[in-house]
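The values are calculated or read from the model by the stated rules, or taken from the named source; none is laboratory data. Not measured: the values here are computed from a predicted model. Every residue, glycine among them, receives a Cβ derived from its backbone with ideal geometry; neighbour counts consider all protein chains shown.
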Amino acid sequence: MSYLPPGVPVPQANPDDQPFWDACARRELRIQRCTHCGRFRHPPVPFCGECGSGGIEWAAVPGTGTVFSYTIAHHPAHKALKTAVPYNIVVVHLDEADDVRIVSNVIDASPEEIRVGMPVTLAWDEIEGGMFLPRFRKA
């Protein structure tokens, strides 16, 4: 069962992030990394902001991290979310991926439990169309 209800728009891949979504389909969390300087970056872009190189690889990361920031949504951002409020939106600072942060949800925490610095671990959430999204659970 998905964290959010059916009917929420699904992510649409573009040429820069298609490899990210392809990895998610295999339930692998891969983050773009520069082949020249080794710097991780997310969201994916064609050139490294650190050194300017266009060299790209998609490196597996462990799927652990900490909540960097969060909000609790009390008003639905889409009509399909009407029955899901309140729900959390978190920014997770990923371990072993430089300063990469990913926007997601903590699927097993009440709004009162979410806090900055909370350790989390990856949990794959299957949504409409057989797509998998990286969500998180309390560690």
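Give region 73-94 a look and list any residue that's surrounded by 14 or more Cβ atoms within 10 Å (Cβ to Cβ) and touching a residue at least 24 places away in the same chain (Cβ under 8 Å), or say none. Even if it seems obvious, please write down each step before you answer.
So in region 73-94, the residues surrounded by 14 or more Cβ atoms within 10 Å (Cβ to Cβ) come out as 73, 76, 80-81, 84, 87-94.
Passing the criteria: A80, L81, A84, Y87, N88, V90, V91, V92, H93, L94.
Which residue, of A123, A109, is surrounded by 15 or more Cβ atoms within 10 Å (Cβ to Cβ) and in a loop (DSSP other than H, G, I, E, B)?
On the way: A123 fails: in a loop (DSSP other than H, G, I, E, B).
Being surrounded by 15 or more Cβ atoms within 10 Å (Cβ to Cβ) and in a loop (DSSP other than H, G, I, E, B) holds for just one of A123, A109, which is A109.
Please list, ordered by residue number, the strands (runs of 3 or more DSSP E) wholly in region 15-97 having 3 or more residues that are among the hydrophobic types (A, V, I, L, M, F, W, C) and at pLDDT 95 or above. Working first, answer last.
On the way: elements: 30-34, 56-60, 64-73, 87-94.
The qualifying strands (runs of 3 or more DSSP E) are 56-60, 64-73, 87-94.
Mind checking which pairs have a first residue in region 2-18 that is loosely packed, with under 13 Cβ neighbours inside 10 Å and a second that is of a type in the set (D, E, K, R), Cβ under 7 Å, 6 or more apart or different chains?
Close Cβ pairs (under 7 Å, with a partner that is of a type in the set (D, E, K, R)) amount to P6/E128; V10/E128.
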